[in-house]
Structures are given as structure tokens and as C-alpha cells.
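Asker: Dropping a structure here in C-alpha cells format, bear with me for questions.
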Amino acid sequence: MVTKEYDMPKRVIPEEERNSIKLTMLEAGFPLLKEYGMTHTTVSKLTEAAGIAKGTFYHFWKNKEEYMTDLISYHRKKMIPLYIDGDVLAGKRKVGRDEVKRFLLAMIDEEVSIYAHMTLEDEAKLIRQTDAFLPDPVKESAIAVNLLDHVEGVREDADLPLIANMIKIFVIAAESREELQEEAYGRTVDTLAESILDLIFE
């Protein structure tokens with residue numbers, strides 16, 4: 001009996017190799033997203049940049065949208081130690097207003113932030129394809145709490161849901177940059193950042 005190709009079992013990839021391949025593909029994604037945008041960043045481009053077979057991609061993700069969701073999470077975590085030093089993350093000291101503002105602006109910096117290279121249409125597509133982008137008030141408030149745990153001088157009446165919403169609006173402004181008045185874009189994001197800081201600090 002001839003075994004058809006699609007009847008053959010997939011190769012089992014050892015855990016250490018899986019982790020290495022996944023990391024390589026996640027590292028390959030951001031430069032492609034910067035160059036092509038989400039729509040034109042294809043699975044073929046991703047696997048070619050990572051130096052792996054196209055079929056290997058599907059050992060890890062069902063589709064490009066699921067990959068992009070992981071890529072966003074990966075880069076969000078990767079950004080934190082770049083702008084918040086180890087002493088802060090270890091709880092040895094807390095940050096003040098200026099450092100929080102630098103981190104907020106880094107969230108939309110085209111050189112380091114994935115959000116600066118996405119559009120509202122991209123986000124809408126991810127929402128349709130995966131539950132990871134659906135609004136989650138509990139998760140968003142938890143992120144705000146985690147941020148404020150590292151901050152000194154937080155207002156006693158800090159409104160966590162409002163802060164979470166304002167940070168989301170801040171990111172949406174960057175995603176909608178082409179729809180805004182370019183001449184006033186810098187002042188717009190600075191005003192939004194200052195509004196967030198006023199909600200956080202006494």
C-alpha cells in the first residue's frame with residue numbers, strides 16, 4: 001500500500017528546537033512589519049526571513065493573524081526592559097513622571113514600537129480572527145496595576161479603568177496617524193501623554 005504524503009505524520013520537533021524556531025520567527029517579524037505593513041507581511045516572507053520551511057510555520061500558528069497576535073505580545077514584553085531598567089523591574093526603585101512619559105512615547109516610536117506600524121484596520125482584522133484582541137477590562141486593569149506598581153507618587157484616587165482607556169486611545173492615535181493633521185501630530189500625542197500622567201501622578 002502506498003502511503004500518501006498527507007497521511008504521513010508530521011515531524012515531532014523537540015521542545016528546545018521548537019523554542020529556538022519560534023524565537024527566530026518572532027524576531028523576523030518586526031523588521032518585515034516595518035517594511036511591508038501587516039497586510040503585505042506574508043507567511044512566505046516570514047519563513048524566508050527566518051530561514052525555515054513554510055510548512056514549519058504551521059507547527060506554531062494556524063494563520064498569520066495568530067502569529068501577529070503573538071508578535072505584538074512578544075514585542076510589548078521586549079520593550080519593557082529597554083525603557084525601564086532592571087532595578088525598577090526588580091522592585092529596588094520606582095520611576096517618576098519623566099520616566100513614565102519616556103515609556104509612553106516609546107510605545108508609539110516607529111523605531112522600536114510595533115504599534116506605530118499597525119493600523120486600526122489591522123487591529124480590526126486581528127479581533128475578527130482571534131480572541132486575544134477582544135476588549136478585556138479585567139486584563140487591561142491588571143496591566144495598569146502592574147505599571148503603577150513600579151511608579152512613585154501615584155494618586156490615591158487613580159482611576160485604573162480610565163488610565164487603561166487613555167493608554168489605549170494614545171496607541172489608537174498612533175495607529176491613526178495618517179488620518180490626523182500631521183503638523184499637529186507631535187503636539188497631539190504629547191498632550192495625550194500629559195493627560196495620562198496627570199491621571200497617574202499627584
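Asker: Assuming Val88 fulfils every condition listed in (1) at pLDDT 80 or above; (2) aliphatic (A, V, I, L, M); (3) over 13 Å from the mean Cα position of the chain (by Cα) apart from one, which condition is it?
Answerer: So the condition that Val88 fails would be (1).
Asker: Another question, then. Quick one: in the range 180-202, which of the residues that are at pLDDT 90 or above and charged (D, E, K, R) is farthest from the chain's Cα centre (by Cα)?
Answerer: Step one: filter the range 180-202 for residues at pLDDT 90 or above, giving 180-201.
Right, trim to charged (D, E, K, R) and you get 182-183, 187, 190, 194, 198.
On the way: Glu182: 24, Glu183: 26, Arg187: 23, Asp190: 20, Glu194: 22, Asp198: 24 Å.
The residue in question is Glu183.
Asker: Answer yes or no as to whether Val145 is modelled with pLDDT under 85, in a helix (DSSP H, G or I) and surrounded by 12 or more Cβ atoms within 10 Å (Cβ to Cβ). Spell out the reasoning first.
Answerer: Values: modelled with pLDDT under 85: yes; in a helix (DSSP H, G or I): yes; surrounded by 12 or more Cβ atoms within 10 Å (Cβ to Cβ): yes.
Yes.
Asker: Considering only residues that are of a type outside the set (Lys, Arg), surrounded by fewer than 16 Cβ atoms within 10 Å (Cβ to Cβ) and assigned to a helix (DSSP H, G or I), which ones fall in the range 106-131?
Answerer: Listed by number, the residues that qualify are Leu120, Glu121, Ala124, Ile127, Asp131.
Asker: Considering Ile172, Ile127, which residue is at pLDDT 80 or above and either more than 22 Å from Ser195 (Cβ to Cβ) or under 13 Å from the mean Cα position of the chain (by Cα) (or both)?
Answerer: On the way: Ile127 fails: at pLDDT 80 or above.
Step by step, each of Ile172, Ile127 is checked, and only Ile172 is at pLDDT 80 or above and either more than 22 Å from Ser195 (Cβ to Cβ) or under 13 Å from the mean Cα position of the chain (by Cα) (or both).
Asker: Right, here's the next one. If you go through the range 175-201 one residue at a time, how many are outside any helix (DSSP H, G or I) and either touching a strand residue (DSSP E or B) at 6+ places or on another chain (Cβ under 8 Å) or of a type outside the set (A, V, I, L, M, F, W, C) (or both)?
Answerer: Filtering the range 175-201 for residues outside any helix (DSSP H, G or I) gives 176, 180-181, 201.
Going one step further and asking which of them are either touching a strand residue (DSSP E or B) at 6+ places or on another chain (Cβ under 8 Å) or of a type outside the set (A, V, I, L, M, F, W, C) (or both), we end up with 176, 181, 201.
Looking only at that region, the number is 3.
Asker: Ok, one more. Criterion first (hydroxyl-bearing (Ser, Thr, Tyr) and touching a residue at least 24 places away in the same chain (Cβ under 8 Å)) does Thr39 satisfy it? Break it down into steps so the answer makes sense when it comes.
Answerer: Numbers: hydroxyl-bearing (Ser, Thr, Tyr): yes; touching a residue at least 24 places away in the same chain (Cβ under 8 Å): yes.
Here the answer is yes, as Thr39 does meet what is asked.
Asker: Still on this structure, I have one more. In this structure, is Ile172 among the β-branched types (Val, Ile, Thr), over 20 Å from Gly37 (Cα atoms) and part of a helix (DSSP H, G or I)?
Answerer: No.
Asker: Within the range 5-58, which residues are in a loop (DSSP other than H, G, I, E, B), farther than 18 Å from His117 by Cα and either touching a strand residue (DSSP E or B) at 6+ places or on another chain (Cβ under 8 Å) or at pLDDT 90 or above (or both)?
Answerer: Narrowing the range 5-58 to residues in a loop (DSSP other than H, G, I, E, B): 8-14, 41-42, 51-53, 58.
Now drop any that are not farther than 18 Å from His117 by Cα, which leaves 8-14, 51-53, 58.
Selection gives Gly51, Ile52, Ala53, Tyr58.
The values are calculated or read from the model by the stated rules, or taken from the named source; none is laboratory data. Since this is a predicted model, take the numbers as computed values, not measurements. Virtual Cβ from ideal backbone geometry, glycine too; neighbours counted across all protein chains shown.
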